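Quick notes on the structure that follows.
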Amino acid sequence: MKPILKSKRRGRRLPDGTDLLGHINVCNVKVSIVRASVTQALCLRDDDGSTLLGRFVESPALIVVRRGLSDAVERDTIVHECIHALLAYSGAKQFLTGPAKEISDGDELEETLVRILAPHVAALRWES
């Protein structure tokens, strides 16, 4: 597994040039949100070499957003990555790759997802 952020240091400190924007509690998991350059955040390179705006990393619980985005794009990227975190930690992702394949009724599938996600969305908390 390649490292997520380049760092010559060991421990919990963020590498130079990486900013901690805050934390969000997703399904009782404290997810750190950081801003980093593409060269600093190795996870912002997709498998095909393209550059991503952001990435959710399940372990450690981390959202990385690319440095240099406008405020609006950064906010939208954080929300997008929070939804990935919500799907992973709520069990919805496991549902979608398993039991959901057996549901052919779109309304039933939507209702099941809403039931899974609703209590977790209600509990989201941003901590700066």
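Key figures for this structure:
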{"item": "Any hit, the stretch 66-85, residues being loosely packed, with under 13 Cβ neighbours inside 10 Å and within 16 Å of the chain's Cα centre (by Cα)", "result": "yes"}
{"item": "Helices (runs of 4 or more DSSP H) contained entirely in the stretch 64-128, each with at least 2 residues that are in contact with a strand residue (DSSP E or B) (Cβ under 7 Å, 6 or more places away or on another chain) and among the aliphatic types (A, V, I, L, M)", "result": "71-90"}
{"item": "Subset of the stretch 40-56 [crowded, with 16+ Cβ neighbours inside 10 Å and either in contact with an Asp or Glu (Cβ under 9 Å, 6 or more places away or on another chain) or assigned to a loop (DSSP other than H, G, I, E, B) (or both)]", "result": "40, 52, 53, 54, 55, 56"}
{"item": "First in the stretch 77-90 and in contact (Cβ under 8 Å) with a residue 24 or more places away in the chain, second anywhere and of a type in the set (Phe, Trp, Tyr), Cβ under 8 Å, 6 or more apart", "result": "81/56; 82/56; 84/56; 85/56; 88/56"}
{"item": "Which listed residue, of 69, 52, 62, 42, is more than 17 Å from residue 19 (Cβ to Cβ) and among the aliphatic types (A, V, I, L, M)", "result": "52"}
{"item": "In the stretch 40-92, the residues that are within 26 Å of residue 117 (Cβ to Cβ) and among the small types (Gly, Ala, Ser)", "result": "54, 59, 61, 72, 85, 88, 90, 91, 92"}
{"item": "Unmet requirement for residue 25, which otherwise passes all of (1) modelled with pLDDT of 90 or more; (2) in contact with a Gly (Cβ under 7 Å, 6 or more places away or on another chain)", "result": "(2)"}
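The values are calculated or read from the model by the stated rules, or taken from the named source; none is laboratory data. In this text, all values refer to a predicted model and were calculated from it rather than measured experimentally. Please note: Cβ atoms are built from the backbone with ideal geometry, for glycine as well, and neighbour counts cover all protein chains shown.
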